[in-house]
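*Asks:* Have a look at this one before I ask anything.
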Amino acid sequence: MAPACLLLPLLLLPFAPGPAQAATPARSPSASASSSSTSVVFQLQGDVYPTGHYYATMNIGDPARPYFLDIDTGSDLTWLQCDAPCQSCNKVPHPLYKPTKSKIVPCADSLCTTLLSSQIPNNKQCPSPHQCDYKIKYTDSSSSRGVLVTDSFGLTLRNSSRVSRSLTFGCGYDQQVGKNGAVQAATDGLLGLGRGSVSLVSQLKQQGITKNVLAHCLSTNGGGFLCFGDDIVSTSRATWVPMARSTSGNYYSPGSGTLYFDKHPLGVKPTEVVFDSGSTYTYFAAQPYQATVSAIQAGLSKSLTKVSDPSLPLCWKGQKVFKSVSDIKKEFKSLFLMFSKNTAMEIAPENYLIVTKNGNVCLGILDGSVAKLNFNIIGDITMQDQLVIYDNEKGKLGWIRGSCSGALSILYLHLHGIFL
């Protein structure tokens, strides 16, 4: 994973993904979430800037030990850096996870077969029958290589009861981050929340703990929360769109979106959109990006001038140092993505701008063509202060705008009927 100190922000979509996987788990077809299933809520840490990602604390092993995992709806596999032994690991917040032989997943396991097929189409063979080897490369050039293991995850349910469940994840003994090799990382690994059967929420559905629904709320002030399960989210207050089949991979996509700036069309053809919490910033394909930059710059006053800032490619300085986006957002207009059935997502200035430590304001929408993307990615910066819902049970995506700041936001959402 790319740490926040790198100039290249997190962009954790798997490189060259395989064909779409089934959204339901592959093993034990008789196992399904029961009517008594409940929800799991995690408090998040992190931010868009300067941390570069949001992460949850997961208690793994027996005895359980805490690990920080970067939440990523753009990929399926959860993995921890581990001592198996480690060939190339970053400096992480906690001691490396150390597996035992009894925890290693054999090649014949159905989740292994699914994972291998997603990496190389029609590949269902392991180099060793005794273990399931994986290698995932992400679009920011980071990668993880290791073996699948199964171990206990301690979970606190919404009704305050605690359960421990054996879940499958990656034991990553070889991590490469960009071109820098072993570096300090803010997290111990990655929490894969994608649509595939190996994702954590799919495994919890299979074991009858929760339904295959997740939601996250990322605060502009840092932190937020992550929810698994459908009994915590009210459907009546959200803006919903059908979950489309992505042509670029097994991603969460609302389909193609038409881009508007200040409610005026930008004149570019509709482009596929992907929701990816593993991406720090939002990425637009070449034409939408150029059109967006031109529209934004055309509307700026002469009090703002371009300036070089190491944080992001396009930044401006004002007549005084900016302390927050609220100091400058009146200079900028909202973007809109229009989806099917006239459903729109507003991207307000605070959802595409950051203020750096140098007091400049920078555009948090990046040129996706640099990463060879031909689709648009909605990243953390655009999902801030919105409850974003991924409902795999009903095949739809939703969002509700509101504060995501800490425990008070959960109470607020309860009181206003957004949570049941």
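*Asks:* State to the nearest 20 debye the size of the charge dipole of segment 241-380 about its Cα centre, where the only charges are +1 on K and R beta carbons and -1 on D and E beta carbons.
*Replies:* Here segment 241-380 has a charge dipole of around 320 debye.
*Asks:* Continuing with this model, one more query. Going 7 Å from the Cα of His130 in the Cα-to-Cβ direction, what parts of segment 64-106 have a backbone nitrogen less than 16 Å from that spot?
*Replies:* 84-85, 99-106
*Asks:* While we're on this one: Restricting to Cα pairs below 8 Å that are 6+ residues apart, what does the relative contact order work out to for segment 40-228? Please round to a whole percent.
*Replies:* Normalised by residue count, the contact order of segment 40-228 is 33 percent.
*Asks:* Largest first, please: the extent of the C-alpha atoms of segment 229-359 along each principal axis, to the nearest Å.
*Replies:* For segment 229-359, the Cα extents along the three principal axes come out at 47, 36, 26 Å.
*Asks:* Right, another one. Just order 108-115, 202-209, 382-389 by mean Cβ neighbour count inside 10 Å, highest at the front, would you?
*Replies:* Top to bottom by mean Cβ count within 10 Å: 382-389, 202-209, 108-115.
*Asks:* What is the list of residues in segment 96-116 whose amide nitrogen lies under 20 Å from a point 7 angstrom out from the Cα of Arg245, following Cα to Cβ?
*Replies:* Inside the label zone: 114-115.
*Asks:* If each of Ser164 and Ser141 carries a label point 7 Å out from its Cα toward its Cβ, how far apart are those two points in nm?
*Replies:* Here the modelled spin labels are 4.3 nm apart.
*Asks:* With an 8 Å Cα cut-off and a minimum separation of 6 or more residues, compute the relative contact order for segment 236-398 in percent.
*Replies:* Once divided by the residue count of segment 236-398, the mean separation gives 32 percent.
*Asks:* Note the full-extension length gain between Gln184 and Asp62 as 0.36 nm times their separation in residues minus their Cα-Cα distance, in nm to one decimal.
*Replies:* So the chain would gain 41.3 nm between Gln184 and Asp62.
*Asks:* Let's test the formula: R0 of 56 Å, r as the Cβ-Cβ distance of Ser110 and Ser236. What FRET efficiency results, to the nearest 0.05? Intermediate results must be reported in sequence, preceding the final value.
*Replies:* Details: r = 37 Å, r/R0 = 0.66.
FRET efficiency, Ser110 to Ser236: 0.90.
*Asks:* Defining a contact as two alpha carbons under 8 Å apart and six or more residues distant in sequence, what relative contact order in percent does segment 56-120 show?
*Replies:* Result for segment 56-120 is 20 percent.
FYI, it's all coordinate maths here, none of it is from the lab. What you see is a predicted model, and the numbers here were worked out from it, not measured in a lab. Cβ coordinates were reconstructed from backbone atoms using ideal geometry, including for glycine residues, and neighbour counts include every protein chain displayed.
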